[in-house]
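Every number here is computed from the coordinates shown, using simple stated rules; none is lab data. Quick caveat: nothing in here was measured; it's all calculated off a predicted structure. Using ideal geometry, Cβ is built from the backbone for each residue, glycine included, and neighbour counts are taken over all protein chains shown.
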Amino acid sequence: MDYSNVPLAPIATVVAALITALIAFVNLTLSKEQKTSEFRQAWIDGMRADLAIFFSSARALCRVMQEARSPNSSDDDVQCFRFSKDQVSKMRFDGAEAMYRIKLRLNTSEAEHIELNRLLNTATAIQNEININKGQDYSKAIEAIEFASTHSQRILKSEWERVKRGEKSFQVAKNWVMPLIMALSLFFITTLLFSSPEPLKPPQPIATKFAD
């Protein structure tokens with residue numbers, strides 16, 4: 001098809017405007033993606049810190065109560081490592097505060113988050129039940145804490161994988177919009193190159209026939 005007679009100036013204006021709009025969309029998407037990734041990373045860091053506080057406090061409280069109710073609680077080696085009342089109070093407060101920060105971060109529409117909430121409640125309930133019954137064996141409570149800890153690692157890994165993948169809008173911009181910009185640019189440049197008008201040829205001399 002001969003494009004030599006097609007006016008390229010209006011087409012060039014439209015294509016340039018389209019490419020500019022697509023580039024603006026990509027820049028906006030990248031900027032939003034960066035902010036979203038920062039928020040997700042902050043969520044992961046905060047979640048990891050609170051989980052560490054909760055699990056360490058819960059385990060330490062189990063050991064404190066187990067040693068306090070042990071028949072060997074008066075032994076010197078037990079006395080040397082016993083926590084003070086102020087330390088125990090701080091562990092209880094830090095653990096409770098961390099647990100509710102964790103709960104407030106959980107998404108109630110995601111199955112893994114719902115399961116972590118259940119495991120936290122289970123670990124707390126088992127520990128409270130042993131305390132109320134003045135039991136000495138906290139192995140079930142510690143086992144429940146470990147179950148919750150293992151599950152929380154899966155959640156943190158899943159969220160980190162989501163950060164690496166990016167949001168859906170970022171994936172669209174990367175996998176579709178950017179190739180589209182490149183394709184449009186290449187098509188337009190190719191059209192300009194192959195539809196350029198032929199160079200003007202010099203006029204041919206006109207043969208004149210003179211009468212005798």
Evaluated over the range 79-153, the Cα radius of gyration and Dmax, each in Å
14.1, 47
Local net charge near I53, Cβ-Cβ under 14 Å (Lys/Arg +1, Asp/Glu -1):
+3
What ranking, highest mean first, results for peptides 150-158, 121-129 when packing means the other Cβ atoms within 10 Å averaged over each residue?
121-129, 150-158
